[in-house]
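Data block below; observations after.
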Amino acid sequence: MTPASAQQATGDRIVIEQRTVKLSSGETVRYEIGTLYVPENRSKPASRRIGIGFARIKAPRPTGAPPVFWLPGGPGLSVLGSFTDNGDAARSRLRSWLTFGAAGDLVVIEQRGYTSRGEMLVETADASPLDKPASVQADARAMQALARRAVTHNPDKDLSGYTIEAFAADVDDLRRALGYDKISLFGGSFGSQWSLAVMRFHPEIVARAVLSSVEPLNNGFDMPSHVFAALQRIAYDADRDPGLAPYLPKGGMMAAVRALQRRFAAKPIRVAIPDYAGKEQTVVLGAEDLQLALLAHTDEAEHWPAFILSLYYGHYDAWARQTIEDRRAGPVKLIGPLADSSLGVTSDREHQMRTDPAVGLLGSWNFEANLASAPDWPTPDMGDAVRRPRVTSIPVVFVHGDWDTSTPIENTLGLLPYFPNGHAILVHRAGHDGTFYQLRENTAAKQAIYDFLRTGETRGLPTDASLAAPRFEIPGFAPPK
């Protein structure tokens, strides 16, 4: 990477540096990287200013289309290192960014409170004891303590300013600072929720959007039965996999899940394993630990059946080792609970979540700690007028996988009626992935996405797609006789 060849400042509002990066192909890419300075809390005139990192890759040739603002997920995903890091993930992301030149300029903005060119707000969570099972209520108490500690340890910061509305205003400020009239949005997971907030608070600036693994403003916490439905879809293919067949109990994967639930409801278990230094450690695993475990290894669904079948046959060591790591004290990115607790959920959806039939299998891990600790976090409640969807004419393409256990596909299905100019692509066997990875086996669909970003045209977009069934991982022990 070359050093900055030029630097520009407009008052203290924005700083931009011109840089280049050389790819492994030998191609030299020009880009801009900069810092946007914004009030930490826009409702307070004397608020201190904080920096937010961003980058821009200009299209090789003008397209006449609005720039694409790429909003990262998380919350707490810092991505500007993709220009300087040499890791596979960073370089893959950079190569993907370069393809947006077919649609127009690409602008990447990081998140207030977790940006490489500003502050990274982090607090240390307490360790959880190993000699008793995990519990949702203990997790909620720990989150409450974390919130109080975060406020105490940051007296010079106004943590009440880290709301989803502030995230949206940051995008609008960067748009104006860079001189754009309209923009298009591109985001997945929290990036999609952030995009929906931009459309809620600043609809006049958004030309169109592409959202994947969609998280509506009222769906920051998942409905347990929607998550369980995704597990059932994974189980359907796993039950038909020849490699897994010798391990499957009668009734298949879901029968294994039910048997595990009965086993751990009866009593917890103690597992003794050597740690990485060779010293033996014992951890107690109970029914609520199992609820967490049911969702383990689903980011890559091909690993989930082997994990569950290992537990079914009493092979607990890998699970115990991971649980010991998870219960250690560790850093927590504050912008996640600050934004989530502020956005919250409507009372009717909370009632649905708490009375959902799958709570018995998955528990209330997904929402209990955030809801219980909301009064302890300083960010204000956003209110139902923000949370509830409303009809918008902005054209949006939704791309969602039906194996997504982090933001279930029902999120998109429930949101679509509010977007009369919306178009959904439902991808069978895709998980919690970005748009183009979900469409990795459909070149025409990917090209149609670029065409949509450039022109708003939707005629080339499919309504569904399907990935090939994965090669499921086999448990690391011989099948039972």
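Backbone geometry of segment 323-340 corresponds, through the Karplus equation with coefficients 6.51, -1.76 and 1.60 at θ = phi - 60°, to 3J(HN,Hα) couplings of 5, 4, 5, 5, 8, 6, 4, x, x, 10, 6, 5, 5, x, x, 4, 6, 5 Hz, x marking Gly and Pro. Rounded to two decimals, the Cα-based Rg/Rh of segment 30-133, with Kirkwood Rh, is 1.11. The label-point distance for residue 158 and residue 478, in a model that sets each label 7 Å from Cα toward Cβ, rounds to 6.8 nm.
Distance between the C-alpha centers of segment 247-302 and segment 386-418? Whole Å please. Each part reduced to its Cα centre gives a spacing of 32 Å. Pairs over the 29 Å Cα-Cα cut-off, from the set 58/333; 132/279; 267/481; 44/182; 132/333; 58/446: 58/333. Per residue, the convex hull spanned by the Cα atoms of the chain amounts to 168 cubic angstrom. Taking the 1.4 Å solvent-accessible surface of the chain as the whole, the part contributed by carbon and sulfur is 50%.
A straight chain from residue 149 to residue 28 at 0.36 nm per residue would run longer than the Cα-Cα distance by 38.9 nm.
Nearest 20 debye, what's the magnitude of the dipole of the chain about its Cα centre given +1 on Lys and Arg Cβ and -1 on Asp and Glu Cβ? Each step should come with its number before you reach the end.
On the way: 51 positive and 54 negative charges, 95 e Å.
In total the dipole reaches around 460 debye.
Ranking request for peptides 363-372, 110-119: highest mean number of other beta-carbon atoms within 10 Å first, then the rest in descending order. Numbers along the way, then the final one.
On the way: 363-372: 20.9, 110-119: 22.8.
The peptides rank, most packed first, as 110-119, 363-372.
How many percent of Cα pairs in segment 287-367 exceed 14 Å? Value for segment 287-367 (Cα pairs over 14 Å): 73 percent.
Taking amide hydrogens as placed 1.01 Å from N in the peptide plane, the amide H of residue 466 sits under 5 Å from those of 428, each at least 5 positions away in sequence or on another chain. Comparing 179, 251, 408 along the charge dipole axis of the chain, the residue lying farthest to the positive side is 179, per the Cβ-charge model. Rounded to the nearest Hz, the phi-derived 3J(HN,Hα) couplings of segment 98-108 under the Karplus curve 6.51 cos²θ - 1.76 cosθ + 1.60 (θ = phi - 60°) are 5, 5, 5, x, 5, 9, x, 4, 10, 10, 10, where x marks glycine and proline. Counting only protein heavy atoms and a 1.4 Å probe, the chain has 43 square angstrom of accessible area per residue.
The values are calculated or read from the model by the stated rules, or taken from the named source; none is laboratory data. Please read all numbers here as calculations on a predicted model, not as lab measurements. Note: ideal-geometry Cβ built from the backbone for every residue, glycine included; neighbour counts use all protein chains shown. Each accessible area value is taken on the protein alone, full model and side chains, heavy atoms only, with ligands, DNA and RNA left out. Shrake-Rupley method; radii C 1.70, N 1.55, O 1.52, S 1.80 Å.
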